[in-house]
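Structure first, commentary second.
The values are calculated or read from the model by the stated rules, or taken from the named source; none is laboratory data. Worth saying up front: this structure is predicted, and the values here are computed from it rather than measured. Reconstructed Cβ throughout: ideal geometry from the backbone, glycine too, with neighbour counts over all protein chains shown. Ligands, DNA and RNA are stripped out before the accessible areas are found, and what is left, the full protein with its side chains, is counted by its heavy atoms. Shrake-Rupley method; radii C 1.70, N 1.55, O 1.52, S 1.80 Å.
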Amino acid sequence: MNKPHLTYEQQVAKLRDDKNLIINDETYCQGMLCKIGYFSLIGGYKQPFRDPMTRKYIGNTTFDDIVALYNFDQKLRGLVMEYICVIERKFSNAMSYGFCEIFGEEQKYYLDPMNYRAKKSNEVIKLISILSYNANINIEHDYINHQRSTYHNVPLWVLLHALTFGQISKMYLYALPQIKSRVCRQFKNVNPKELEQYMKVLVLFRNVCAHNECLFSFKAYSEIPNTLLHKKLNISTTGGHYDKGKSDLFAVFIAVRYLLYKDDFKELKKRFLILVREYTRRSKRVTEEQILEYMGFPTNWKTISLYRNI
């Protein structure tokens, strides 16, 4: 049956009477449901507090417990987004440098389907239509308008600023092998196929952060490659498949460890620990071990910075 529309008062009553959630301030509860939305707040952050069998909240869970987890996740999204954007910028620059190193700066080269390869030609045609629209039609970006009107050419290093991370990743996916090899020069100890896998996962996590979706428990449908760090951390396996660090948030941390400088990772690790401990000190319901488990972090994850990744 379809779920009926409920007023904010009815939503509060449902949480209190049907789900056994303690609500200390109904006015505040209604205000937060109005601000965030029932689905985004309750649907996204009920998991650690709810009995999956009875579908009711455990013990003395309060509405404030759910809001606290939401606020933690909001800060977490900001932190993760910051480092993914650094990787995105580095990747974008490497892509334009590698492509132009071979073909030059004229836009006709990145609009030529012969300069790409893909299993299905329509995939390349779709990508080129996006590139062509941004280079020749889209008027939203002054820097592109200037290149178009002044030089009648939009170099790739200018165009990429108007593309999404996903579109740039697709451009890499369909790039010729010699371009992929040049891009990988900017990322030590990663081969072209591995970089492709990293980017698929990072694009998905970036979208979660950008769209304010629930991050701490998110699992991507793609996976990062198996790495030496998985082995050194002695992460458990099931059927030869690593149980953690493949499609969860810990996979993003492994990606940062491989794709950015070691100091960047140390800074991310430091800020992440402060954020987790700040939340768990205030939370009466979720321990540091529990929240790390939800995010896919092994118990010995902090030793990751002690290992070389080659």
(request) Before anything else, pin down the relative contact order of the range 84-202: Cα pairs under 8 Å, at least 6 apart, normalised by residue count, whole percent. (result) 35
(message) When 1/r is averaged over all different Cα pairs and the result inverted, which Kirkwood radius in Å belongs to the range 80-234?
(response) 16.6
(request) Roll a 1.4 angstrom probe over the protein heavy atoms and tell me the percent of accessible area of the range 142-256 that is carbon or sulfur. (result) 48
(request) Give, as a single signed number, the net charge of other residues whose beta carbon lies under 15 Å from the beta carbon of residue 120, with Lys and Arg counted +1 and Asp and Glu -1. (result) +3
(message) Suppose accessible area is computed on protein heavy atoms with a 1.4 Å probe; arrange 221, 38 from highest to lowest.
(response) 221, 38
(request) Let me know the volume per residue of the alpha-carbon convex hull for the range 1-157, in Å³. (result) 216
(message) Translational diffusion coefficient of the range 217-258 at 10 °C, 1.306 mPa s, Stokes-Einstein with Kirkwood Rh over Cα pairs, in µm²/s as a whole number.
(response) 153
(request) At 1.4 Å probe size, with every protein chain present, just tell me what the per residue accessible area of the range 253-301 comes to in Å². (result) 54
(request) Please work out which option in [x] 1.18; [y] 1.03; [z] 1.31 gives Cα Rg over 2.2 N^0.38 Å calculated from these coordinates, and answer with its label. (result) [x]
(message) Please compute the contact order of the chain in relative form: average sequence separation of alpha-carbon pairs under 8 Å and at least six residues apart, divided by the residue count, as a percent.
(response) 18
(request) Per DSSP H run of n ≥ 4, the term is -39500 (n - 2.57); total these for the chain, divide by its residue number, and report the mean residue ellipticity at 222 nm rounded to 500 deg cm²/dmol. (result) -17500 deg cm²/dmol
(request) For the range 24-105, count the residues as N, evaluate 2.2 N^0.38 Å, and divide the Cα radius of gyration by that value, please. (result) 1.80
(request) Counting only C-alpha contacts under 8 Å and six or more residues apart, can you give the relative contact order of the range 230-310 as a whole percent? (result) 38
(request) Subtract the Cα-Cα distance of residue 133 and residue 221 from 0.36 nm times their separation in residues, and report this length gain in nm to one decimal. (result) 28.7 nm
(message) Full-extension gain between residue 109 and residue 74, please, as 0.36 nm times their residue separation minus the C-alpha to C-alpha distance.
(response) 8.5 nm
(request) Give, in nm to one decimal, the length gained when the segment between residue 150 and residue 306 is fully stretched (0.36 nm per residue of separation minus the Cα-Cα distance). (result) 51.0 nm
(request) Quick one: accessible surface of residue 61, probe radius 1.4 Å, all protein chains present, in square angstrom to the nearest 10. (result) 0
(message) Keeping every protein chain present and rolling a 1.4 Å probe, give me the accessible area per residue for the range 1-137 in Å².
(response) 58
(request) Could you size up the charge dipole of the range 31-172 around its Cα centre, putting +1 on the beta carbon of Lys and Arg and -1 on that of Asp and Glu, and report it in debye to the nearest 20? (result) 560
(request) Count charges around residue 204 for me, please; just the other residues with Cβ under 12 Å from its Cβ, Lys/Arg as +1, Asp/Glu as -1. (result) 0
(request) Select from the range 121-186 those trypsin sites (Lys or Arg not before Pro) which occupy a DSSP coil region and have at most 15 other Cβ atoms within 10 Å, ordered by residue number. (result) 185
